[in-house]
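Structure first, commentary second.
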Number of protein chains: 2
Amino acid sequence: MARRNILWIMCDQLRFDYLGCAGHPHIRTPNIDRLAARGVRFSNTYVQSPICGPSRMSFYTGRYVRSHGANWMGVPMRVGAPTLGGALAEIGVRNVLVGKTHVDADVEGMQRLGIDPQSPIGRREAEGGFEVFERDDGLVPKANPEKPTRYNAWLRDKGYDGDNPWHDWANSGVDEDGNLQSGWLLDHADKPARIDEPDSETPYMTRRAMEFIRGARNDERPWCLHLSYIKPHWPYIVPPPYHDMYGPDDVIPVVRSKGEREDPHPLFREYMDERVSRAFSDEQLRRHVIPAYMGLITQIDDQIGVLLDFLDGEGISDETMIVFTSDHGDYLGDHWLGEKELFHDASAKVPLIVCDPDSRADSTRGTVRDELVEAIDLAPTFVEYFGGTPQPNVMEGRSLMGFVEGTPPETWRTHAFSEYDYAMRGPRGRLDMPVCDCNATMVTDGRFKYVHVRNLPDMLFDLQSDPGELVDLGRDPAYVAERRHMRDALLDWALRQHNRTTRTDQEIAREAELDGPAKNIFIGFRNEEEMDAALRTVSTD
Amino acid sequence: MARRNILWIMCDQLRFDYLGCAGHPHIRTPNIDRLAARGVRFSNTYVQSPICGPSRMSFYTGRYVRSHGANWMGVPMRVGAPTLGGALAEIGVRNVLVGKTHVDADVEGMQRLGIDPQSPIGRREAEGGFEVFERDDGLVPKANPEKPTRYNAWLRDKGYDGDNPWHDWANSGVDEDGNLQSGWLLDHADKPARIDEPDSETPYMTRRAMEFIRGARNDERPWCLHLSYIKPHWPYIVPPPYHDMYGPDDVIPVVRSKGEREDPHPLFREYMDERVSRAFSDEQLRRHVIPAYMGLITQIDDQIGVLLDFLDGEGISDETMIVFTSDHGDYLGDHWLGEKELFHDASAKVPLIVCDPDSRADSTRGTVRDELVEAIDLAPTFVEYFGGTPQPNVMEGRSLMGFVEGTPPETWRTHAFSEYDYAMRGPRGRLDMPVCDCNATMVTDGRFKYVHVRNLPDMLFDLQSDPGELVDLGRDPAYVAERRHMRDALLDWALRQHNRTTRTDQEIAREAELDGPAKNIFIGFRNEEEMDAALRTVSTD
């Protein structure tokens, strides 16, 4: 039976260009490359926000950040928000989670609506539409007895002791004297994490995914399994053999220029001044840390190999579409920045591979599409894959199935958008900006990338003449027209109706066909004669 | 006890300029004028959509149409949408309805969340946050046995017979031979409605309001009573003595020009071609119909007199703020248009009077404010009146209490906005526009009024040199800069976060103060030394 399941693999903080198939000269990702060879790789995919939480909520709803409203970690989507899970449930598909989501529950909203958080509806709402097989948001900064993770308990059962074995074993090394070398600290990125590799997070989550799949054998419902790896997100530390698989010479050159530090955009300047940015601006540190990042990626790749073999063994490879992506990138020192959050490609662009075993996709295997794709395109893609009809008044992305099946849509979007709100960050204080004024919005047409930053100057990059995005034309008088053009595209997008979720376009069109007289409402008729004439027209139509 | 209640009176389709206090030379509105003399009149108040449903949802939430999403009648706000009623409930205030709201229930949304529409929460959600004392949306096109109105039943009890006494008696005349003269037909606007005046809709609703107020005497909770009259909305017909209280010579001159019909904006052209517009473009018809519209207004004014006396009699005049407004205007032939829906002042501007008996408001009695006010300002005004704190991440308007108390805010909005979606209307078909492309958005800074119409040219009026809005500068090459300026204001507004309703600005600011180390998250530290130094800083702060 074809088109039964989707295995949707998401990495965390994986750059678009740290894959063999995407052109990285040194990294080994043979299994992901194999997916690309069997499927379609979308080389121009932007997340809707270059930060975990908001980006993920866009993936999980098919809606822009401005629409779902969860513009930072800890800001819940409102109870009742439309989700991918809700849309799949309507067509009888399970939407299952193994791993990270960053979904927060709208506890107050549920209370106002009298929804018990422990009821099935309450749990679904609290989990962003997912059926949770295993939820693990990855970071366990300190052991929280009220929120124990299954992974920490499992580690303890295996003999990894302490309050927080996630930190002390899976994400730390140890020196010869037995002193902990915390993976939080960048100097320890070259240390071997002191955990047996099969017990580290990526293989653990892979096994959990396989456990779910095995358990679902006898369930008649198809599933969409979101296997959401926590890596290669920091802490940058990895167990052997991955910890020394790559060396400083495997690190690709940094993308930055001295010019970027001369009179930079104020927001860019403040981000360059963040501690993590100063750290990654040191080339020695880059060469020290990035090999661990690469090891984490190859570990994921190996686990994807395990998964592919497993699907073969289960006999469901030919009925399971595999989708591979990430929630955002990582500057790794590019543009004198660490982390993510701004809109350069290192941060806002992600890998995306869709590998559909169905014969309808045979003609597109191994192809690369450079259309502007948005993260929100996945939700409608999945709905269409399972035979549903995505509703554009709710899911603002567009299905990619046409690209997969070799019948690309006649028209495609001309612009991609991404949003970021820095209200929670240090730069807000240093820029003395009110909380409500911290939104920045990116639009690109593939040629230019424009960023609108409230109360601050624009940013603009010419991706054709400056693919490295090293020259900010946002205040260059020679580019007034280009900026205006991009602002118009932004306005066109922003003025769209993003919240008419309770009625579809079709319902509106159907209702509009009924004019007044058909509803016994008579507007603008002077007398019986006029009205009768109109009614005759209605009845003979 | 001061500041106990609010009586919030809303008319339907009342123009801003059909009141004595607003300068109408002939209409008699002594009671409303008395409110203006005792309170503050806001002479520049725009509704957030020049059409009943969407405009009302903005009043009832304090949110723009783009935010609540109910952009047409029959499009429900989503279940759980924040409302004025919800905000008032949190501070112990009843939000009570007598009359019209046009609220539709999100039945499917409630079903998805397992909310019983008959439960207290379900009823509140289905009614947009109102506690319904009496709901009556006014129009009863045909008798619907499944949705009987209390008013029709009451009329029948009084001996007004037939399936639909609302139509046959309250909104029709009768000729000498006993033939019904339906108020739907404009030719009958000068006929006396065949109902005893005290039994017609406006006095009926007034009595219902008084019944609620009497009944609330022994309830300790303060109340906000929304007395929402259905008039002077069509059918344009009124019982004696109001039916011949005004004559053709009382009709103020039409505001239009021949130039408006020469090469008009395509959307404007299509609206001018609507049946109701063609009818009201006939001066004879205007002079025939508008006297009935004026009679309906004076009837409301008389009933407000009854209410004011009643409040005196109840001894609660000194603890009840009275607010008077309308949900939108009526073209009445101005600009060759009937009805409303476009953004000329006749349609998008409404009367607004706030009359607070509290001594704190003594210094502002009888004043007129010409600041740009939006309908969404009322919800936060009411919350503040009752001692609450409006949250701007939810309520997008601003409290007017400062103007009322003689302490106007130091800064005020520079632009007002209004939205309209014509997807349900004839012009969509004639313009061959997809449902999702029918939004038009107005912005005014008081000097210019600009309208962005998706896929169609701009409209622009210079309110200073052309207060009648007769010359559309939207395609005039001499006004490129002005249009650009207004587009920038529109972009600034549209890009704001409109959906972060689950976390307040204060909560964001508070959370932002906790940096990584305070949460045991260590980003960008190289080694123990750096980390320890930072931790020492944190702990000594």
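Considering only residues that are assigned to a strand (DSSP E or B) and among the aliphatic types (A, V, I, L, M), look in the range A:435-459 and name the one that is nearest to A:TRP336 (Cα to Cα). Give the derivation first.
Residues of the range A:435-459 that are assigned to a strand (DSSP E or B), as a first pass: A:439-444, A:448-453, A:459.
Checking which are among the aliphatic types (A, V, I, L, M) leaves us with A:440, A:442-443, A:451, A:453, A:459.
Working: A:ALA440: 19, A:MET442: 20, A:VAL443: 22, A:VAL451: 18, A:VAL453: 20, A:MET459: 16 Å.
Per the stated criteria, the residue is A:MET459.
Condition check ((1) assigned to a helix (DSSP H, G or I); (2) surrounded by fewer than 17 Cβ atoms within 10 Å (Cβ to Cβ); (3) in contact (Cβ under 8 Å) with a residue 40 or more places away in the chain) across all residues:
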position: B:PRO380; (1), (2), (3): yes, no, yes
position: B:VAL394; (1), (2), (3): no, no, yes
position: B:SER399; (1), (2), (3): no, no, no
position: B:THR407; (1), (2), (3): no, yes, no
position: B:THR411; (1), (2), (3): no, yes, no
position: B:TYR420; (1), (2), (3): no, no, yes
position: B:MET433; (1), (2), (3): no, no, no
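Based on what the data block shows, is A:MET294 at pLDDT 95 or above, not in a helix (DSSP H, G or I) and not polar (S, T, N, Q)?
No; evaluated as a whole, the condition is false for this residue.
Give A:GLY366, A:GLY397, A:GLY426, A:GLY387 a once-over and let me know the one that is at pLDDT below 95 and not aromatic (Phe, Trp, Tyr).
A:GLY426
Limited to the range A:322-363, what total is found for residues that are assigned to a helix (DSSP H, G or I) and either free of Cβ contacts under 8 Å to residues at least 40 places away in the same chain or open to solvent by 10 Å² or more (accessible area, probe 1.4 Å) (or both)?
6
Can you tell me which residue in the range A:422-431 is nearest to the other protein chains (Cβ to nearest Cβ), limited to those that are open to solvent by 20 Å² or more (accessible area, probe 1.4 Å) and assigned to a loop (DSSP other than H, G, I, E, B)?
Only one residue fits best here, namely A:MET424.
Would you confirm whether or not the range A:107-120 contains a residue that is out of contact with any strand residue (DSSP E or B) (no Cβ under 6 Å at 6 or more places or on another chain), away from every other protein chain (no Cβ under 14 Å) and of a type in the set (A, V, I, L, M)? Full working, then the answer.
Of the range A:107-120, the ones out of contact with any strand residue (DSSP E or B) (no Cβ under 6 Å at 6 or more places or on another chain) are A:107-120.
Narrowing further to those that are away from every other protein chain (no Cβ under 14 Å): none.
The answer is no; no qualifying residue exists.
Residues that are more than 14 Å from chain B (Cβ to nearest Cβ) and open to solvent by 10 Å² or more (accessible area, probe 1.4 Å): list the helices (runs of 4 or more DSSP H) wholly contained in the range A:30-95 that include at least 1 such residues.
Output list reads A:30-38.
For the range B:99-108, state whether one or more residues are open to solvent by 20 Å² or more (accessible area, probe 1.4 Å), among the hydrophobic types (A, V, I, L, M, F, W, C) and assigned to a helix (DSSP H, G or I).
Yes: one or more hits.
Modelled with pLDDT under 95 and outside any strand (DSSP E or B) - does that describe any residue in the range A:4-22? Even if it seems obvious, please write down each step before you answer.
First, the residues of the range A:4-22 that are modelled with pLDDT under 95: A:4.
Applying the additional criterion that residues be outside any strand (DSSP E or B) yields A:4.
Yes, the range A:4-22 contains a residue that is modelled with pLDDT under 95 and outside any strand (DSSP E or B).
Give the residue that is farthest from A:CYS438 (Cα to Cα), with candidates limited to residues of the range A:257-287 that are under 28 Å from the mean Cα position of the chain (by Cα) and open to solvent by 60 Å² or more (accessible area, probe 1.4 Å).
A:ARG287
Starting from residues that are more than 12 Å from chain A (Cβ to nearest Cβ) and touching a residue at least 12 places away in the same chain (Cβ under 8 Å), keep the ones in the range B:173-190 and report whichever is surrounded by the fewest Cβ atoms within 10 Å (Cβ to Cβ).
Per the stated criteria, the residue is B:VAL174.
Could you grab me the full set of residues in the range A:288-321 that are open to solvent by 10 Å² or more (accessible area, probe 1.4 Å) and within 21 Å of the chain's Cα centre (by Cα)?
A:GLN303
So which residues in the range A:269-291 are farther than 15 Å from A:VAL254 by Cα and either assigned to a loop (DSSP other than H, G, I, E, B) or facing another protein chain (nearest Cβ under 10 Å) (or both)?
A:ASP273, A:GLU274, A:ARG275, A:VAL276
Which one of these is basic (Lys, Arg), in a loop (DSSP other than H, G, I, E, B) and open to solvent by 10 Å² or more (accessible area, probe 1.4 Å): B:ARG207, B:ARG194?
Result: B:ARG194 is the single residue among B:ARG207, B:ARG194 that is basic (Lys, Arg), in a loop (DSSP other than H, G, I, E, B) and open to solvent by 10 Å² or more (accessible area, probe 1.4 Å).
Looking only at residues in the range A:447-459 that are touching a strand residue (DSSP E or B) at 6+ places or on another chain (Cβ under 8 Å) and open to solvent by 10 Å² or more (accessible area, probe 1.4 Å), which one is farthest from B:GLU513 (Cα to Cα)?
Applying the filter and picking the extreme gives A:ARG447.
The values are calculated or read from the model by the stated rules, or taken from the named source; none is laboratory data. Remember, it's a predicted structure, so these values are computed and weren't measured experimentally. In this analysis, Cβ positions are derived from the backbone assuming ideal geometry, glycine residues included, and neighbour counts consider all displayed protein chains. What goes into the accessible areas is simple: the full protein's heavy atoms, side chains included, and nothing from ligands, DNA or RNA. Shrake-Rupley method; radii C 1.70, N 1.55, O 1.52, S 1.80 Å.
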